[in-house]
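Input: a single structure, listed below in structure tokens.
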């Protein structure tokens, strides 16, 4: 059975068993599922159903319940925990790694999170609190502080013995080597450790050049580093180059997914924390401001049209083709904007390459404008029997698509220079540019060449 089909079957079964009150059967079904699959099931349940199923799971399998919460993400997971007592939350958070616990605590109400931290075990709480001290979306916030490290003075045999006796080690594919003050000095692999003589000094087989990140490194940069070097994990060091944690590839995947979703939603003017299950009132509150901004820009475009009312009255065919000019410019601008914002997010576009990018996109916009402008001109000529109308339509499309492509590059670059998220604000400016330039170019050309157009008598 296909994975999605299987999840759909589980979802239907969960709803049915919950409805008839078959708690034992429901629990048995839940315990057979992977946490990632349960997270998808939870996401498709109504809020009341989700809370009920979670309560049943917590009573019998707290670890599975919290692993499911971790897979759901901190925001949605925190909603499931908020209605419970601080004592119970503190106990449940001990079932998951400290980095996941810190992410969940960050989304709890302030008073509740403080109480939970106070109640957690001293050692565990200390780790969680230290993670919360780092800035949001940094390596320090997403790292796991429980990282296994070997002393540089050990032999290979002693290192293997230390590894065998270790517990709660998240990643052992890379074995990091530290000095007496826990400065990161090297790295070796588990494979290499097992292939050399036990008497071999660890210093001899370790690689001294370690790819690492500081605790204040942006999580996007961490993800980019892991992807570029095909790493399974990357060590995190403090300002003194002391090893303090590790970011594993599963955390990086979450970062990539979250950042991609965030950029996609922001390009559409939607809040990055909005989900399909978000209440209607909350979605309305988050979307309305950006729609209001778009309304303002729409009135700006309308004011441009108003300047040419007399021309439109004499050549009513202009009103028919105006949306084509503006719409094609908007589509061209969106294409360029998507490519540029993605390049900025992935670090593929720097200030050194910006000039080349602007020139390239301008050429693309001009080429598209010429090709599509000729096609549109022919269609307009055929429909209205006015070759001059077709020519003006084609010229306006060339102008607007050139401007759209250029603006689609310059606007996000300018916003980034001003420390504004290009994904959040670019689309509003692009829409305004293409509408204003499209209407102004088409109607302006029509006004200039009005004597050559077929007018209403």
At 0.36 nm per residue, minus the direct Cα-Cα distance, what do residue 191 and residue 375 gain on full extension? Give it in nm, one decimal, please. 60.0 nm
Along Cα→Cβ, 7 Å out, is where each label goes; now give me the distance between the ones at residue 282 and residue 209 in nm to one decimal. 4.8
How would you classify the range 280-452 from its alpha-carbon gyration tensor, with a ≥ b ≥ c the square roots of the eigenvalues: rounded for a/c under 1.5, else prolate if a/b is greater than b/c, otherwise oblate? oblate
Once both axes come from the Cα atoms, what is the angle between helix 3-20 and the longest principal axis of the chain, in degrees from 0 to 90, rounded to 10? 70
Gyration tensor (Cα only) of the range 3-136 to equivalent ellipsoid, semi-axes in Å sorted down, yields 28, 14, 12
Sorted by Cβ density within 10 Å, fewest first, the residues 156, 305: 305, 156
Inter-part distance where the range 204-264 and the range 76-106 are each reduced to a Cα centre, Å: 24
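Suppose R0 equals 56 Å. What FRET efficiency, 1/(1 + (r/R0)^6) with r the Cβ-Cβ distance, do residue 218 and residue 448 give to the nearest 0.05?
The calculated FRET efficiency here is 0.65.
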Debye calculation, C-alpha points only, no solvent: report log10 I(q)/I(0) for the range 148-237 at q = 0.20, 0.23, 0.25 Å⁻¹, in the same order as the q values. -0.96, -1.19, -1.33
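Subtract the Cα-Cα distance of residue 75 and residue 173 from 0.36 nm times their separation in residues, and report this length gain in nm to one decimal.
Result for the pair: 32.2 nm of gain on full extension.
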Of the candidate values (i) 1.13; (ii) 1.02; (iii) 1.11, the one computed for Rg/Rh (Cα atoms, Kirkwood Rh) from this structure is (iii)
For the chain, share of DSSP beta bridges that run antiparallel, in % to the nearest 5: 75
Given a Förster radius of 25 Å and the C-beta distance between residue 428 and residue 110 as r, what FRET efficiency does 1/(1 + (r/R0)^6) yield to the nearest 0.05? 0.15
What FRET efficiency comes out for the pair residue 306/residue 331, r = Cβ-Cβ distance, R0 = 30 Å, nearest 0.05? 0.75
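Relative contact order of the chain, please, whole-number percent, based on alpha carbon pairs below 8 angstrom and at least 6 residues apart.
10
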Give me the extension gain from residue 319 to residue 382: residue separation times 0.36 nm, minus the current Cα-Cα distance, reported in nm with one decimal. 21.0 nm
In terms of the alpha carbon gyration tensor, root eigenvalues a ≥ b ≥ c, rounded if a/c is under 1.5 and otherwise prolate when a/b exceeds b/c or oblate, the range 79-233 is prolate
Using only DSSP helix segments of four residues or longer, with each worth -39500 (n - 2.57), what per-residue ellipticity at 222 nm results for the chain after dividing by its residue count and rounding to 500? -22500 deg cm²/dmol
Please check which bits of the range 33-55 a label hung off residue 13 would reach, taking the label as a point 7 Å along Cα-to-C-beta and the cut-off as backbone N under 16 Å. 33-42
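A short reminder: the numbers here are calculations on the coordinates, not readings from a lab. Here the structure is a predicted model, which means the values were calculated and not measured. When we count neighbours, we look across all protein chains shown, and the Cβ atoms used for this are built from the backbone with ideal geometry, even at glycine.
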